[in-house]
1. Hey, can you tell me all the residues within the range 392-412 that are within 28 Å of the chain's Cα centre (by Cα), not in a loop (DSSP other than H, G, I, E, B) and not aliphatic (A, V, I, L, M)?
2. For the list (1) more than 23 Å from F189 (Cβ to Cβ); (2) assigned to a helix (DSSP H, G or I); (3) open to solvent by 20 Å² or more (accessible area, probe 1.4 Å), I need the number of the one condition that R37 fails.
3. Among the listed residues G273, G332, G285, G313, which satisfies the condition of being closer than 30 Å to F25 by Cβ and either in contact with a strand residue (DSSP E or B) (Cβ under 9 Å, 6 or more places away or on another chain) or modelled with pLDDT of 95 or more (or both)?
4. Given (1) at pLDDT 95 or above; (2) open to solvent by 10 Å² or more (accessible area, probe 1.4 Å); (3) farther than 22 Å from W101 by Cβ; (4) of a type outside the set (G, A, S), where does H44 come up short, assuming only one miss?
5. Can you give me the number of residues within the range 122-139 that are open to solvent by 40 Å² or more (accessible area, probe 1.4 Å) and among the hydroxyl-bearing types (S, T, Y)?
6. If only one of L87, L104 is out of contact with any helix residue (DSSP H, G or I) (no Cβ under 9 Å at 6 or more places or on another chain), hydrophobic (A, V, I, L, M, F, W, C), in contact (Cβ under 8 Å) with a residue 60 or more places away in the chain and at negative phi, which one is it?
7. If you take just the strands (runs of 3 or more DSSP E) that sit entirely in the range 251-301, which of them hold at least 1 residues that are out of contact with any Asp or Glu (no Cβ under 9 Å at 6 or more places or on another chain) and surrounded by fewer than 24 Cβ atoms within 10 Å (Cβ to Cβ)?
8. For R241, state whether it is open to solvent by 10 Å² or more (accessible area, probe 1.4 Å), of a type in the set (D, E, K, R) and either more than 22 Å from N165 (Cβ to Cβ) or at pLDDT 95 or above (or both).
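The values are calculated or read from the model by the stated rules, or taken from the named source; none is laboratory data. Given the structure is predicted, the values throughout are model-derived calculations rather than measurements. We place every Cβ from the backbone using ideal geometry, glycine too, and count neighbours over all the protein chains shown. To get the accessible areas, we keep the full protein, side chains included, count just its heavy atoms, and leave off ligands, DNA and RNA. Shrake-Rupley method; radii C 1.70, N 1.55, O 1.52, S 1.80 Å.
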Amino acid sequence: MAVVGSDRERLVVIGLDCAEPSLVFSHFASELPTFQRLMAKGFHGNLRSTDPPLTIPAWSALTTGKDAGELGCYGIRNRRDYQYNSLSISTSADIAFPRIWDTLARYGRKSIIAGVPQTFPVKPVNGYLIAGMLAPNTTSQFTWPVELKTEILDRYPDYRIDIGNFRSMKPGELRDQIFTMTHTRFNTFKYLLDSKPWDFAMMVEIGLDRLHHGFWHYWDTTHPLYPGQNEFEDVLLDYYRMLDRELSDLLSILPQDTAVLIVSDHGAQAMKGGLRINEWLRFNGHLELWQNPRSEQPLEPAMINWSRTSAWGEGGYFGRIFLNVDGREPSGFIPAFKYESVRETIAAQLTTMLEPVETACGVPEHMGNRVIFPDKHFKVCNGIAPDLMVYLGDLAWRSLGSVGHNPETFGNGLFTRKNDRGPDGANHDFNGLIISNIPEPGTISGRESWNILDVEPFIRTYFGIPSLELQ
C-alpha cells in the first residue's frame, strides 16, 4: 500500500497514553522488537510529564507547548468560578492556544489527528480529525469533517472512543474490550494514513492507561493487592506485545524515510492505596460537616458547615485542596490576610505525614508527600487553580474525596487499599517516554531526559517552522 500525500517530509506521532518507560526500556524490552528497532535508529528517553501528570492536561501541553498554568487546565475537572459546586469537565473550548496541527496548517501542511484527548467538541482542521477521550461516544459529532464520521463507522462499526466503565468490568471482559478497541483504532488510523493526504499525523491510544489501572496488580508481585499466581498476570506483557505488532504493521505502510515519534503523556506505578483527603482535613480540623455520614459517600457542598471550614478537597490521581477564603468564596471562613499562613500549615501537615503502620513493616515512615502552590509553581496561572496540589507518596497513593464510615479503612480511618471509584491497581508516574527513528536536532543532541513541553517545538523544528513568538 502507498500512502497518499505530497513529496514533502512527513512525521507520524504515536501517542500511547500511560506507556511506562521501565516496561518498554527494561522489563519487556526483549519482547518488543519494533520498539527496539526504532530506538536503534534514533533516540529514546524519559519524558517528564506536566504538573499534574494527568491525561488532561498532559496531551494539551504536549500539542501546544504550554504548561497547565498557561492552559488554565489543572485536571479533567476545573473550577469555573469560586462557587462551591463549580467544577466542570474540560473540553477543547478551554484550550486557547494553537495545537501543533493548527500551526502546521498556517504553512499549508495537512494533518490527520485521531484520538487525541481534549479535542471535543471538534474544531475545523486542515485535514481530518477523530476526537479522543472526553468525547461522549460515537453517536456524537466526533469527527472533522462531519462526513468522516459515517465513513469511519461504516468501515469500523465497533470503533469506540474509550471504555468509560472500565473500573466496574470483570477482568476478562475488560481485557477483551481493551484489546479489541486498540486493534480497531490502529486499523482506523492506518486506513486514514493510506487513503487521505497528509504531512503530519498523530494518534493517541488510551487503552494502555485503562490496562495499567485494571491489571497492574495482577502482574506486579510486590503490589499490596497482588493475588498470587493468577490468570491475568501476563495481560500487561501480552498487550505490549500487541502494541509492538500494531506498530510494525503501521510502519509497513509508510515510506521508509517517514519520521516516527512515539510519546506517552505520563507513566505508571503501583498504587499502594488511597488517602481519604476530606477525612484527613476533618481529622486535622480544617473541614467540618453538619453531621457525620452514616456510610461512605461523595462530599457535597450542602454537607459542609462553611462557617467553620477552612478547606475541602477533591479526589483523583493527585490531591487538590481548595481554601474557603473570606471575600472570595460565598461563605468564606479564612480572612484574606491569613490565606498564606493557613496554606503553609496544611502543606506542613501534609509533608510530615507518616504512612500507616500496615504499609511500613510495623515502623511508620514518611509518606514522601509533595505539595505545590500553583501560583508559585507556574510562571502564569490562568483559570482557577487549586490552592494546593498534593502528590501523595510521590503519586504512590491516590486522593479519595469521599467522607463517612468505610469498614475497609485503616490508619485512623484515613487510608484504604481501594479507589473510591472502583478497583485500581496503578497510579500515574511523572515520567512517560519518547522514542524516535530520527536523530535528535544538534541543539539537543545527547540528552537523556526530555520534558513534555519539548515535543511541540521538536515537531516545529522538524518542519522548519519558527515559534509563534518569532513570527
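1. Of everything in the range 392-412, those that are within 28 Å of the chain's Cα centre (by Cα), not in a loop (DSSP other than H, G, I, E, B) and not aliphatic (A, V, I, L, M) turn out to be G393, D394, W397, R398, S399.
2. (1)
3. Sole residue among the options that is closer than 30 Å to F25 by Cβ and either in contact with a strand residue (DSSP E or B) (Cβ under 9 Å, 6 or more places away or on another chain) or modelled with pLDDT of 95 or more (or both): G273.
4. Only one criterion in (1) at pLDDT 95 or above; (2) open to solvent by 10 Å² or more (accessible area, probe 1.4 Å); (3) farther than 22 Å from W101 by Cβ; (4) of a type outside the set (G, A, S) is unmet by H44, namely (1).
5. 2
6. L87
7. 259-263
8. yes
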